[in-house]
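Notes to accompany the following structure.
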Amino acid sequence: MDHQGPAVGRRRLLGAGLLGAGLVAGGTLSGCTSGTAGGSGTPGGSGAAAGSRTPDLDPADWESVRAQFPLDPSYAQFAAYVLAAHPAPVRRAIEEHRRGLDTDTDAYLHGEDREEIVREAAAAYLGADAPDVALTDSTTMGLGLLYTGMRLLPGQDVLSTEHDFYATHEGLRLLAARTGARVRRVRLYEDPATASADEIVSRLKAGLGARTRVVAITWVHSGTGVRMPVRAIADMIAEANRDRDAADRALLCVDGVHGLGAVADQVETLGCDFLTSGTHKWLFGPRGTGVLWGREKAWDALLPVIPTFSGRIDLDAGEKTGEPYRPYGPGGLLGTPGGYHSFEHRWALSEAFAFHEAIGRERVAARITEQATRLKAGLAALPNVRLVTPRSPELSAGLVCCAIDGLDAPAAAGRLRADHRIITSVTPYQEVYLRFGPGIVTTPEQVDQAVKAVASLR
Ligand SMILES: Cc1ncc(COP(=O)(O)O)c(C=O)c1O
């Protein structure tokens, strides 16, 4: 596939009144930052729309970062990663886009190519090429597109693990039902607290078959907080792929939602073939947004599931070829589900990337690690607590899971909220643990308060 792509096919879109000239015009991230957010061009800069009473962002000051969020400051927000509250620059951008769409829908829809602006911002954040990035509504939508669109040859099979989220398991179950492909799951560790990278890689390697086409893993397990050594897994798979034809190569597909925005690694460092993630968790992007990135060549393995509306593709090309499917445009554009969307949220996503980059991806990751490490040390020292997440920062990210003697996790979460004003969550898996997610909206002092509060849960 050529990233330049074929000639833009505007006739059909314009003829159908779907997308206007502006949707095929180029755009830049800076154009969005200053032009669409209604602010000063600096994330957090004061603007006229919602969030205008929020103090300007000083990205070097964590209190200023926290002040960008409307979250109730009388609670310690250790579950803010579950579904993003919108920081001020994102709120302002949403309001600005909403106002544009509400006031003169036609002109606003046909203005700048805002989808492309977001794609470029996502690509820059991911360390990827923009044409390889599809825009989605969630991690789950990305997983659905991936495992519904995956073209399997007869005899090819799928390998996943016992630790993935329901949406991966269900997506693969449906893939198996449609294609007859075998899906196997391996267990990568017995005790999460003592998991090791070597053990994880070797267990996955042992599960790899000669015809395994898809290896489906999760960057950070939301049931235990264990972070996968994705690079080491990618290297192991690359070795296994050495003598395979392109159509038989095993593709490493990653649900990245608890890594993106919490760990600084970009896609080239990870070395995977596909990464899907919501951008409405650790990244604090607009609710109902996400990305599906695929390596340029890897996109050839996927059929689009929902027809694209991309104004940058000749939408007649599919019919013209007469072939059941031949990629006729970049994967990220073909892979972006068409139809009209809640565009005010989708288009505001570039502000979330800008907000994160203004603070610094490495600084964000370090802030999360610092608090998670402190929290784990505190919890591990408590006699009434069993820490589930590994202590090692290399094998964990922001999620910290634990079990409390004599108290089930929902009861513990309830008491922390009611008695200590500490908001946590519980793991949505068979083994239910109490789960913390320290991040840019929490502080080391709140971590210490949380440890004290957990100590009192007897
Ligand atoms: C590992 C994992 N993947 C996916 C999801 C779902 O994410 P989304 O809401 O972006 O689909 C969750 C939890 O919400 C999760 O823990």
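Every number in this text was worked out from the coordinates using simple rules, so none of it is lab data. Predicted model, so just to flag it, every value in this text is computed and none were measured. When we count neighbours, we look across all protein chains shown, and the Cβ atoms used for this are built from the backbone with ideal geometry, even at glycine.
Below are the figures for this structure:
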read-out	value
Hz values of 3J(HN,Hα) by residue in segment 401-409 - Karplus curve (6.51, -1.76, 1.60), Gly and Pro given as x	10, 8, 10, 10, 4, x, 9, 6, 4
Stretchable slack from residue 198 to residue 323, in nm (0.36 nm times residue separation minus alpha-carbon distance)	40.6 nm
Charge sum, other residues only, whose C-beta stays under 13 Å from residue 176's C-beta, Lys/Arg counted +1 and Asp/Glu -1	+4
Residue-wise HN-Hα coupling along segment 411-419, computed from phi with Karplus coefficients 6.51, -1.76, 1.60 (Hz; x: Gly, Pro)	5, 4, 4, x, 6, 4, 5, 6, 9
Relative exposure of 343, 69, judged by other C-beta atoms within 10 Å (fewest first)	343, 69
All Cα pairs of the chain, percent lying beyond 29 Å	49 percent
Dipole axis of segment 105-224 (+1 Lys, Arg; -1 Asp, Glu on Cβ), positive-most option in 109, 180, 220	180
In the chain, lysine pairs with alpha-carbon atoms under 27 angstrom apart (chain gap of 8 or more, or interchain)	5
Compactness of segment 173-247, expressed as Rg and Dmax over alpha-carbon positions, Å	13.5, 38
Hull volume in cubic angstrom per residue (convex hull over the Cα atoms of segment 64-217)	199 Å³
Cβ-placed point charges (K, R +1; D, E -1), dipole of the chain about Cα centre in debye, nearest 20	960 debye
Three-way shape call for segment 361-455 based on the alpha-carbon gyration tensor, with the a/c threshold at 1.5	prolate
³J(HN,Hα), Karplus 6.51/-1.76/1.60, whole Hz, each residue of segment 436-451, x for Gly, Pro	10, x, x, x, 6, 9, 10, 10, x, 5, 5, 4, 5, 5, 5, 4
Percent antiparallel among DSSP beta bridges (both partners in the chain, rounded to 5)	55 percent
Farthest toward positive dipole pole in the chain [+1 Lys/Arg, -1 Asp/Glu at C-beta], among 271, 282, 395	395
Relative contact order for the chain, counting Cα pairs under 8 Å that sit 6 or more residues apart, in percent	22 percent
Segment 117-355 pair-distance distribution - Cα-Cα, 5 Å bins, rounded %	1, 7, 15, 19, 20, 17, 12, 6, 3, 1, 0, 0
